[in-house]
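Student: Sharing a structure here in structure tokens format.
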Amino acid sequence: MLAYLSGMFLLADTTKVSGNCPSFGSSMTQTELLQELANECRYDKMVRPPGVINETDPIRIYTRAFIYTIKSNMAKTLQFDVHLMLQFRYLDKRLKFTDIAPYMTQIYGGQNAHELIWTPTVYVANERTSAVMGNGVKDLLISISSYGMVMLNTRLEATLNCGLRLEKFPFDVQECPLVFESWTHNVNEMVLDWDDDPIVIADNLYLTEYKLVDTWVNRSGVSYTSSQHHYGHFAGNFSSINITFKLAREMGFFMMDYYVPSILIIVVSWVSFWLHVDASAPRIVLEFSEHDQYSIGKNRGR
């Protein structure tokens, strides 16, 4: 009898609607609700969300970045490292649950939620090496609002290339970009854009050899054709956004270790011209002094 009642309850709870889809329960946990919303019978995670106004419009991905570490070793490698937190915000109307679960306002999840729903594929275009630190739940957070607004937060660590212009060394100022680009969807399907207050810099950010003067953002497009070995769906125009870091070199080290010793050596060398012609002993002392100062400066340069 108990088995029969259990079977009847299960049958009532999984009443089919819209073909093969089960109906939503009256009281579900966040995990159960998300699993039902992302059920294969009503949700295809391989298909990007429809547009906000028209379903054929491209989905817009609004991006924000929190930068907490910049490591510069550009003098030797022409590269710099950036650690940042990325936030992608977009509307997926298929995940709306205001009428289904009015008692719930948000769904939170990590890697398990990421595996159930569609998420944008974005990569760093000017990277040397990079690793998306989102393989664990602690490095990946997804929140879904009751009307389908998805916020994906993940951490990124990237080593970026930066070509240097050294005409004004050591008073040079470098502009180094961080470029994000859509990977699988062209501009007809997905557009990357910057959110309000797109860049947040950590208060305790510290750089060696350089100081961060300014940052700004931009968005553009990149075109790939079949002649560049991109075929079929992967040819066309792709959306791109970038952050530019303006870095000014800290000149104090070069002033104290190169410029000041060189100036002193030149000044001391001119003292010998002010001595009397017969004053050979002071001339010898000055020559030794100049040689010692040159050796000290050379050793510091090493």
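Student: Need the failing condition index for Phe180 against (1) in contact with a strand residue (DSSP E or B) (Cβ under 9 Å, 6 or more places away or on another chain); (2) modelled with pLDDT under 85; (3) not in a loop (DSSP other than H, G, I, E, B), just the number.
Tutor: (2)
Student: Something else: Check Phe234, Phe238 and return the single one that is at pLDDT below 80 and not β-branched (Val, Ile, Thr).
Tutor: Phe234
Student: Among Lys71, Lys96, which is within 30 Å of Lys211 (Cβ to Cβ) and either without any contact (Cβ under 8 Å) to a residue 12 or more places away in the chain or basic (Lys, Arg) (or both)?
Tutor: Exactly one residue qualifies, and that residue is Lys71.
The values are calculated or read from the model by the stated rules, or taken from the named source; none is laboratory data. Bear in mind that the values here come from a model prediction, so they are computed numbers and not experimental data. When we count neighbours, we look across all protein chains shown, and the Cβ atoms used for this are built from the backbone with ideal geometry, even at glycine.
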